[in-house]
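See structure below.
Rule-based calculations on the coordinates, nothing more; no lab input. Fair warning: this is a prediction, and the values are worked out from it, not measured in the lab. Every residue, glycine as well, gets a Cβ built from its backbone with ideal geometry; the counts of neighbours run over all protein chains shown.
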Amino acid sequence: MTLSGCDASSACTESMISCLKENNISFVGRYYSDTTHIAGKKLTASEAQLLSSNGIDLVAVFEDAPTEASYFSASRGTRDANAALAQAASVGQPAGSAIYFTVDYDASQSDIDGVITDYFQAIAATLGTQYVTGVYGSGNTCTAILKSGHAKLAWLAQSTGWGGYQSFHDWVIKQGPEGSICGLSSDSDEAQGDFGAFRVAVPA
């Protein structure tokens with residue numbers, strides 16, 4: 001069975017909740033970031049509580065500007081993982097759920113085998129057993145990083161022309177077309193199995 005969701009770079013608000021439910025949105029992917037200047041991109045504790053209290057799961061994805069090979073390195077992986085840990089703590093993300101890290105371009109195999117693998121090795125070492133490491137990217141990226149053991153979950157990017165898209169089937173989240181839903185500028189997603197979603201504790 002697959003579940004329907006979306007990922008958005010803007011915040012979900014109370015006025016959107018009924019619409020999200022009416023559209024059978026069972027989870028929303030929201031961002032952690034260290035350097036973003038986009039208003040509303042980063043998930044906050046209050047937004048996490050709003051979605052959780054209304055029965056909508058969250059998926060955490062870390063993204064700064066991972067669109068070329070020069071972004072990636074072991075040191076950047078450590079930095080991004082530590083930033084993600086701090087933000088996970090600030091929103092109350094429970095241990096054992098997932099944080100996905102993005103490779104948002106059609107990476108060459110040499111990039112994947114080199115700096116991108118170094119990046120995910122450092123992420124996995126930094127997250128340890130606190131959170132499950134996820135990878136977002138092309139089929140080729142997802143295949144290699146899962147095989148390396150540095151990520152346990154894969155989110156397949158919607159860019160059908162990127163390498164390995166058609167042959168990669170081990171995704172737990174598969175991104176669909178970009179669009180607008182309930183006032184959110186978002187991408188549609190489908191998920192299967194345990195994809196590391198979570199809800200946060202809501203104060204009484």
Worksheet item: Roughly how large, in nm² to one decimal, is the mean projection of the convex hull of the alpha-carbon atoms in the chain?
Response: 10.6 nm²
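Taking a quarter of the surface of the convex hull around the Cα atoms of segment 1-110, what do you get in nm²?
Working: hull surface 33.6 nm².
With the hull built on Cα positions only, its mean projection is 8.4 nm².
In deg cm²/dmol and to the nearest 500, what is the mean residue ellipticity at 222 nm of the chain if only DSSP H runs of at least 4 residues count, each as -39500 (n - 2.57), divided by the residue total? If you can, show how the numbers build up before the last one.
Details: 5 runs with 54 residues, N = 204.
It lands at -8000 deg cm²/dmol.
Take the alpha carbon atoms of segment 57-136, find their radius of gyration, then divide it by 2.2 N^0.38 Å using N residues; give the quotient.
Values: Rg = 12.2 Å, N = 80, 2.2 N^0.38 = 11.6 Å.
Dividing the Cα radius of gyration by 2.2 N^0.38 Å gives 1.05.
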Worksheet item: With r defined as the distance between the Cβ atoms of Ala201 and Ala86 and R0 fixed at 30 Å, what FRET efficiency is calculated, to the nearest 0.05?
Response: 0.95
Response to the item:
For segment 105-185, shape from the Cα gyration tensor axes a ≥ b ≥ c, cut at a/c of 1.5 then a/b versus b/c, turns out oblate
Item to complete: Provide the percentage of antiparallel DSSP beta bridges, counting only those with both residues in the chain; round to the nearest 5.
Response: 40 percent
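Place a +1 charge on the Cβ of each Lys and Arg in the chain and a -1 charge on the Cβ of each Asp and Glu, then give the dipole magnitude about the Cα centre in debye, rounded to the nearest 20.
The calculated dipole for the chain is roughly 440 debye.
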Worksheet item: Can you work out the FRET efficiency for the pair Thr2 and Lys147, with r the C-beta to C-beta distance and R0 = 35 Å, to the nearest 0.05?
Response: 0.90
Practice prompt. Any cysteines in the chain with zero other Cys Cβ atoms under 4.7 Å from their Cβ? List them, or say none.
Written response: Cys6, Cys12, Cys142
